[in-house]
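I have placed the structure first, in the form of structure tokens, so that the comments after it can refer back to it.
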Amino acid sequence: MVLTIYPRKIEVRRAKANAGATDAIGLLGYSGEEATTDPVNPQGEVVLFKDIPASVQASNAGRKKDSGLPQDITYAPSWNIFGPSWALAKDVVRDRDIVIDDQGYRYEVAQAYWNILGYKLICVRMEA
Amino acid sequence: MADLSDITAFLASQSADAIYPNGTSQSSVAAMDCRIYEGWPLPDKLDKDMRGLDDNGNPRVGGPVANVSVYAMPGTGIKIFDILDETYVLRPAVHGMAVTVVNGVINVAGQPTVGEYISLVCDGNIVFSQTGASTAAILSNLAAQALPTYPGTGATATTLAVPVGHSLVVRQGAVGLLGKAINRQRQSIMITVWAPNERVRSQLAIAVDILTKKNTRITLPDTSQAVVFYVRTSNSDDQQASGIYRRDLIYDVDYATLETFPGYEITSVNITIASAAGNAQATSLT
């Protein structure tokens, strides 16, 4: 039953602060997020949760970008990702966290909303 | 070679000097913590910095943190005219060996710098030239090269004897670094101050602005020079509901694209002379 409601698996990541864990001040080099989990890379991401059961549901399809590639049909489509409360506790996911699903698609959490049934993550898919 | 990244790195570093004139162990000009970096702020981090929260959302020990970001504005690069035909010596060749010839025997003192070489012109015609990791290696390589032509050639760790017929010329050379500006361009760079209030914004922006305007000619790591001049400033209070006061300081930077390449000291010359019939005749001159 659980598998039918939450048939997918997701991973939740969070960008490291540009200062890293040291909360450094002064000149810090480059600030920007990189999609790597390399522990020594200060611009990488931290994996918060892995193998979370989830339901990934299509929402608004997004529009074609003006400057898109010829095959682009949609850009930044919205997806609703549901995670059960027994797998994702309250307050563990924040807006702007990164979700990666079991097909390798990457999403940014626009609005993380928790209720007694679990999380509803309104996400936008990140793609070229 | 100078690149856009060198420019933004320089301006970020200079902004840090302006904001922390006595280093980060002392307080900044705005008397609050400040982060200076290239690129753009991460939104979540910026929100927390403005509110004085740490990464976990708890109150940060040092309180709020102002941010200063440095970024090259898209679509603002242009070509500027310059005459670019000069090649410059960026790093002269340095000799580590001292070569003398005593009674027909080559004596070498010292050890070679990286890539240094010795050339022999024997009997005005035959050229041997070798490099190596050490003086002994160079002499050994030269001996191996000369031996088929001059049986009896012998080398030690510091000497080389070549039984030439009538003349022996020894030259040494080393590798320097040459550079040529192959393009000059102008790019707008935006230094953005992100502060939690107007007071901090103006204190940080004034410090950065004065130092940047003062230092109009800068030297980049590859020795080329860039010229920085002020373009405009824009204040933005749009984000005050988010607790962010922003000021953009925009400067144009003229900088050279510098191609660097090794320069070898010439120790022998070969010239090919064409005969009347058009057949090439190889000749060696010294």
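Got at least one residue in the range A:51-65 being without any contact (Cβ under 8 Å) to a residue 12 or more places away in the chain, over 19 Å from the mean Cα position of the chain (by Cα) and within 14 Å of chain B (Cβ to nearest Cβ)? So far as the range A:51-65 goes, no, none of its residues is without any contact (Cβ under 8 Å) to a residue 12 or more places away in the chain, over 19 Å from the mean Cα position of the chain (by Cα) and within 14 Å of chain B (Cβ to nearest Cβ).
May I ask you to verify whether B:Gly52 is of a type in the set (Gly, Ala, Ser), open to solvent by 30 Å² or more (accessible area, probe 1.4 Å) and either at pLDDT 90 or above or in contact with a helix residue (DSSP H, G or I) (Cβ under 9 Å, 6 or more places away or on another chain) (or both)?
On the way: of a type in the set (Gly, Ala, Ser): yes; open to solvent by 30 Å² or more (accessible area, probe 1.4 Å): no; either at pLDDT 90 or above or in contact with a helix residue (DSSP H, G or I) (Cβ under 9 Å, 6 or more places away or on another chain) (or both): yes.
So B:Gly52 fails the test.
Condition check for B:Ala143 on (1) outside the structural domain of B:Gly62 (by TED's automatic domain parsing); (2) in contact with a Leu (Cβ under 7 Å, 6 or more places away or on another chain); (3) surrounded by fewer than 18 Cβ atoms within 10 Å (Cβ to Cβ): one failure, at (3).
Being touching a residue at least 12 places away in the same chain (Cβ under 8 Å), open to solvent by less than 30 Å² (accessible area, probe 1.4 Å), farther than 14 Å from A:Ile10 by Cβ and more than 14 Å from every other protein chain (Cβ to nearest Cβ) is true of A:Pro77. Kindly establish whether A:Pro42 is more than 13 Å from A:Leu121 (Cβ to Cβ) and open to solvent by 60 Å² or more (accessible area, probe 1.4 Å). Yes, satisfied. Going by what's in this entry, would A:Val56 be described as under 12 Å from A:Arg14 (Cα atoms), open to solvent by less than 70 Å² (accessible area, probe 1.4 Å) and not charged (D, E, K, R)? For A:Val56, the condition - under 12 Å from A:Arg14 (Cα atoms), open to solvent by less than 70 Å² (accessible area, probe 1.4 Å) and not charged (D, E, K, R) - is not met. Can you confirm whether the range B:208-222 contains a residue that is open to solvent by less than 40 Å² (accessible area, probe 1.4 Å) and over 17 Å from B:Thr8 (Cα atoms)? No, there is no match, as no residue in the range B:208-222 is open to solvent by less than 40 Å² (accessible area, probe 1.4 Å) and over 17 Å from B:Thr8 (Cα atoms). B:Ala72 satisfies every condition listed in (1) facing another protein chain (nearest Cβ under 10 Å); (2) within 19 Å of A:Glu33 (Cβ to Cβ); (3) buried (at least 17 other Cβ atoms within 10 Å of the Cβ) except (1).
Could you list, in sequence order, the residues of the range B:21-69 that are of a type in the set (S, T, N, Q), within 19 Å of B:Ile210 (Cα to Cα) and more than 11 Å from chain A (Cβ to nearest Cβ)?
B:Asn22 - this is the single residue of the range B:21-69 that is of a type in the set (S, T, N, Q), within 19 Å of B:Ile210 (Cα to Cα) and more than 11 Å from chain A (Cβ to nearest Cβ).
Restricting the first member to the range B:222-243 and to residues that are of a type in the set (Lys, Arg), and the second to residues that are surrounded by 14 or more Cβ atoms within 10 Å (Cβ to Cβ) and part of a strand (DSSP E or B), the beta-carbon pairs closer than 6 Å and six or more apart or on different chains are B:Arg232/B:Ile250.
Across the range A:13-29, the number of residues qualifying as within 24 Å of the chain's Cα centre (by Cα), modelled with pLDDT of 60 or more and facing another protein chain (nearest Cβ under 7 Å) comes to 3.
Scanning the range B:50-64 for residues that are charged (D, E, K, R) and in contact (Cβ under 8 Å) with a residue 40 or more places away in the chain turns up just one, B:Arg51. Return yes when B:Ile189 is crowded, with 18+ Cβ neighbours inside 10 Å and more than 15 Å from B:Thr267 (Cβ to Cβ) and no when it is not. The answer is yes for B:Ile189. Counting just the residues of the range B:104-113 that are part of a strand (DSSP E or B) and open to solvent by less than 40 Å² (accessible area, probe 1.4 Å), which one comes out farthest from B:Val175 (Cα to Cα)? Per the stated criteria, the residue is B:Ile106.
So in the range A:111-128, with the set limited to residues that are loosely packed, with under 14 Cβ neighbours inside 10 Å and either closer than 23 Å to B:Lys45 by Cβ or within 11 Å of the chain's Cα centre (by Cα) (or both), which one is farthest from the other protein chains (Cβ to nearest Cβ)? If you could, list the steps in order and put the result at the bottom.
Initial filter on the range A:111-128 (loosely packed, with under 14 Cβ neighbours inside 10 Å): A:111, A:113, A:115-117, A:127-128.
Now restrict to residues that are either closer than 23 Å to B:Lys45 by Cβ or within 11 Å of the chain's Cα centre (by Cα) (or both): A:111, A:113.
On the way: A:Gln111: 14, A:Tyr113: 17 Å.
My answer is A:Tyr113.
Remark: B:Asp82 falls outside the filter, which requires a residue to be farther than 25 Å from B:Gln14 by Cβ and charged (D, E, K, R).
Residues that are within 15 Å of B:Gln203 (Cα to Cα) and of a type in the set (D, E, K, R) within the range B:29-48 comprise B:Asp33, B:Arg35, listed in sequence order.
Of all residues in the range B:1-13, which are of a type outside the set (Val, Ile, Thr), open to solvent by less than 10 Å² (accessible area, probe 1.4 Å) and part of a helix (DSSP H, G or I)? So that I can check it myself, show each step before the final result.
So in the range B:1-13, the residues of a type outside the set (Val, Ile, Thr) come out as B:1-6, B:9-13.
Next cut, open to solvent by less than 10 Å² (accessible area, probe 1.4 Å) only: B:2, B:11-12.
Once the filter is applied, which keeps residues that are of a type outside the set (Val, Ile, Thr), open to solvent by less than 10 Å² (accessible area, probe 1.4 Å) and part of a helix (DSSP H, G or I), the range B:1-13 yields B:Leu11, B:Ala12.
Considering (1) surrounded by fewer than 13 Cβ atoms within 10 Å (Cβ to Cβ); (2) within 30 Å of B:Pro262 (Cα to Cα), the lone condition that B:Ala226 does not fulfil carries the number (1).
At least 2 residues being among the small types (Gly, Ala, Ser) and farther than 30 Å from B:Leu42 by Cα is the threshold, and among the strands (runs of 3 or more DSSP E) wholly inside the range B:174-286 those reaching it are B:175-195, B:245-264, B:280-285.
The values are calculated or read from the model by the stated rules, or taken from the named source; none is laboratory data. Since this is a predicted model, take the numbers as computed values, not measurements. Note: ideal-geometry Cβ built from the backbone for every residue, glycine included; neighbour counts use all protein chains shown. Note: areas computed on protein heavy atoms with side chains; ligands, DNA, RNA excluded. Shrake-Rupley method; radii C 1.70, N 1.55, O 1.52, S 1.80 Å.
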